[in-house]
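Working notes, beginning with the structure itself.
Rule-based calculations on the coordinates, nothing more; no lab input. A quick note: this is a predicted structure, and the numbers were derived from the prediction, not measured. Don't worry about glycine lacking a Cβ; one is built from the backbone with ideal geometry, like all the others, and counts go over all protein chains shown.
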Amino acid sequence: TPRIFSGIQPSGGMTLGNYLGALKRFAEKQDEGIETIYCVVDMHAITVWQDPAKLRHQTREIAAAYLASGIDPARSILFNQSQVSGHAELAWIFNCVARIGWMYRMTQFKDKTAGKNAENSSLGLLAYPSLMAADILLYHATHVPVGEDQKQHLELTRDIAAKFNHDYEQDFFPITEPLIEGAATRVMSLRDGTKKMSKSDPSDASRINLTDDADTIAKKIRKATTDPNPLPGTLDGLKDRPEAKNLINIYAALSGESAEKVIAEFAGAQFGTFKPRLAELAVEKLAPITAEMNRYMQDPAEIDRILGEGAARARAIAAPILARTKEIVGMIGSQ
Ligand code: AQP
């Protein structure tokens, strides 16, 4: 039976990219009646130093974003990663299965160390994909909904599962399938259409945050980098226009229409006409989520209670899988 796992890092506030590429689809999967396990991956966040008070706040904010976008703790498991120690335990075993060279090849590691001395980044940042494999395989998850940017890490999860199964002559870990679908699997920066929209981008103008108010959203879209030409009538005409393509994709994902339909609707329009329409749509779709997030954030104790309860349910699924893994590896245990 299918089981879905996915996570979001509390390394900043949620962006429109996280929402369209991940969160929005998480709720859809839950509503399809599939077993869903969703995590706030705080252990991933500290691969880059986080201020402790901010980390706590951001963890609750990501949990609030999950809840506000329709994740129902009665139907999905919602928890923060560090409360279930099995993630760290399985990650260690995977650190011994995965090869260092696999980690150096990851484009996220290269991007995050670009222009810096990679030798000075944390060992955790390099090993990040091994912990991600543990997150998924600790629950024998079969499907992982993510944005396009995580595709390479998921391939590594499959490689780790396959190597474990091969090294220990077992058919134990499933080979997980990525679920990358929809118009906005890769939302790009509003300042540079070749870079992904990211919560850790130093420029706040590059992204829409789920906590931005209507005026801020409208202003960021108005100021978004674009070329001077009017919109073409077909997707072909967007080929060498990454900024225009990005705004059309965002419109399509928010409205639930196909990008083809959106581009046909705005054929020949100037950005001066299109941008206010996009801003209006973004505000209409995001304002209710922002309001719900704010409502949840009024009661941090309730968020912590939900996370604690989710962690207990996650532990119950993970415990026999972890115990069996250790047994396969040859570790003595009393369970
Ligand atoms: N720009 C994006 N477009 C579509 N999907 C995206 N995701 C992230 N950015 C985009 C998806 O959001 C989920 C959670 O991502 P994450 O928080 O675990 O880390 P990330 O992918 O590294 O996202 P950020 O915002 O860029 O965080 P930082 O800046 O801390 O690295 C994933 O499913 C991801 O695909």
So, with +1 on the Cβ of K and R and -1 on the Cβ of D and E, and no other charges, what is the size of the charge dipole of region 212-295 about its Cα centre, to the nearest 20 debye? 160
Anything in the chain that counts as a DSSP H helix reaching 15 Å or more along its axis (C-alpha) with Kyte-Doolittle mean of at least 0.5? List them, would you? 123-137
Would you be so kind as to identify which of 307, 176, 244 lies farthest towards the positive end of the dipole of region 162-316, taking Lys and Arg as +1 and Asp and Glu as -1 on Cβ and the Cα centre as origin? 244
Under a Cβ-only charge scheme (Lys and Arg +1, Asp and Glu -1), can you give me the dipole magnitude of the chain about the Cα centre, in debye to the nearest 20? 600
Between residue 88 and residue 299, the FRET efficiency computed from the C-beta separation at R0 = 25 Å comes out, to the nearest 0.05, as 0.30
Give me the extension gain from residue 96 to residue 1: residue separation times 0.36 nm, minus the current Cα-Cα distance, reported in nm with one decimal. 31.3 nm
If packing is taken as the mean number of other Cβ atoms within 10 Å per residue, what is the order of 153-165, 270-282, highest first? 153-165, 270-282
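Express the relative contact order of region 71-135 as a whole percentage, based on alpha carbon pairs under 8 Å and six or more residues apart in sequence.
49
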So for the chain: antiparallel DSSP bridges make up what percent, rounded to the nearest 5? 10
Going by the alpha-carbon gyration tensor, a ≥ b ≥ c the square roots of its eigenvalues, is region 1-46 rounded (a/c under 1.5) or, if a/c is not under 1.5, prolate (a/b greater than b/c) versus oblate? oblate
Give me the distance in nm between label points sitting 7 Å out from Cα along the Cα-to-Cβ direction at residue 323 and residue 292, one decimal. 3.7
Is the shape of region 1-101 best called rounded, prolate or oblate, per the rule: a/c under 1.5 gives rounded, else a/b larger than b/c gives prolate, else oblate, with a ≥ b ≥ c the square roots of the Cα gyration tensor eigenvalues? oblate
For 2-9, 218-225, ranked highest to lowest by mean beta-carbon neighbours within 10 Å, the order is 2-9, 218-225
In debye, nearest 20: dipole of region 240-281 around its Cα centre with unit charges on the Cβ of K, R (+) and D, E (-)? 80
Students often get this wrong: which residues of region 235-258 have the backbone nitrogen under 14 Å from the point 7 angstrom along Cα-to-C-beta of residue 264? 235-236, 257-258
Determine, from the Cβ-Cβ distance of residue 195 and residue 334 and an R0 of 56 Å, the FRET efficiency 1/(1 + (r/R0)^6), rounded to the nearest 0.05. 0.65
With a 10 Å cut-off between alpha carbons and a GNM built on the chain, which of 118, 253, 64 moves the most? 118
